[in-house]
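Report on one structure; see the data block that follows.
The values are calculated or read from the model by the stated rules, or taken from the named source; none is laboratory data. The shown structure was predicted, so the numbers you read here are calculated from the model rather than taken from an experiment. A quick note on method: Cβ atoms are made from the backbone with ideal geometry, for glycine too, and the neighbour counts reach across all protein chains shown.
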Amino acid sequence: MDRWRRRIDEIDKQIVRLLGERTRLALQIGREKRARGQPLRSPERELEVLARVVQAGNYGPLSTHALLRIYHTILEETGRLQQEELTLRPPSP
């Protein structure tokens, strides 16, 4: 059991690192959207991301519904951080 738990710990570190990398990229996209005067949220893009999750296939015991809930949370949190950054650093005139 300890071996499995250590492997889970390693996987968790990778997940956290990848989520951080994804979020940093999303914040850069948010800055670029702000500079171009575009809205931060893009429902079309969010649907593309969710569709890609479904199309990627489900190789584990998590249901597709569970994976979509996880990605909804990622997208919501990313949008919140982009909006928070906009609030803290308003666009320059």
*asked:* Which condition from (1) at pLDDT below 95; (2) assigned to a helix (DSSP H, G or I) is the one that Pro61 breaks?
replied: (2)
*If you take the residues in region 1-14 that are more than 17 Å from Ile70 (Cα to Cα) and hydrophobic (A, V, I, L, M, F, W, C), which one is modelled with the lowest pLDDT?*
Met1
*Would you tally the residues in region 22-50 being closer than 24 Å to Thr64 by Cβ, free of Cβ contacts under 8 Å to residues at least 40 places away in the same chain and part of a helix (DSSP H, G or I)?*
8
*Hey, among Thr73, Thr23, which residue is in contact with a Leu (Cβ under 7 Å, 6 or more places away or on another chain), surrounded by 10 or more Cβ atoms within 10 Å (Cβ to Cβ) and at pLDDT 95 or above?*
Thr23
*Could we say that Arg17 is within 11 Å of the chain's Cα centre (by Cα) and either on the phi > 0 side of the Ramachandran plot or at pLDDT 90 or above (or both) here?*
no
